[in-house]
Amino acid sequence: LKIIIYETNTCKKKGLAIEKNVVILPFSQSRYGGEEFAVVLNDTNMAGAHLLAKRIRKNIENLRIKSLKDVRITLSVGVTIMDQHDTQQSLFERADAALYQAKENGRNQVVTA
């Protein structure tokens, strides 16, 4: 089980962009907190989860929305992998910590934990 938590600046627009750009991939996406979403991947290693997160981030960065002229949409992502000792809480806390590290490092990037 892999989890990606990412924060958005314009959540609804980004959520739609993710559905539009990577809907063919087998994952579950749901809102997690105010401006955050969680993506849970099954049967994916850290490299695969990291690659997907980078792809989603790039698709969002390249997204152009007519009603948001001159607005650059960015995406910060935290990625982690579940180990045998994890609880749901510890897994989400680690992914969340990676997300906040991405934001502290300047935003619009993917950080693994």
Flag if Asp86 is surrounded by fewer than 19 Cβ atoms within 10 Å (Cβ to Cβ) and on the phi > 0 side of the Ramachandran plot: no
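Go through Arg107, Arg64, Arg72 for me and flag whichever is modelled with pLDDT of 90 or more and open to solvent by 90 Å² or more (accessible area, probe 1.4 Å). Spell out how you get there, then give the answer.
Details: Arg64 fails: modelled with pLDDT of 90 or more; Arg72 fails: modelled with pLDDT of 90 or more.
Going through Arg107, Arg64, Arg72 in turn, the sole match is Arg107.
Table: residues versus (1) over 12 Å from the mean Cα position of the chain (by Cα); (2) part of a loop (DSSP other than H, G, I, E, B); (3) touching a residue at least 60 places away in the same chain (Cβ under 8 Å).
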{"residue": "Ala53", "(1), (2), (3)": "no, no, no"}
{"residue": "Arg72", "(1), (2), (3)": "yes, yes, no"}
{"residue": "Val79", "(1), (2), (3)": "no, no, yes"}
{"residue": "Leu91", "(1), (2), (3)": "yes, no, yes"}
{"residue": "Ala95", "(1), (2), (3)": "no, no, yes"}
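The values are calculated or read from the model by the stated rules, or taken from the named source; none is laboratory data. The structure presented is a predicted model; accordingly, all values stated were derived computationally and were not measured. Neighbour counts are summed over all protein chains in view; Cβ atoms, including those assigned to glycine, are modelled from backbone coordinates with ideal geometry. These accessible areas exclude ligands, DNA and RNA; they are computed on the full protein's heavy atoms, side chains included. Shrake-Rupley method; radii C 1.70, N 1.55, O 1.52, S 1.80 Å.
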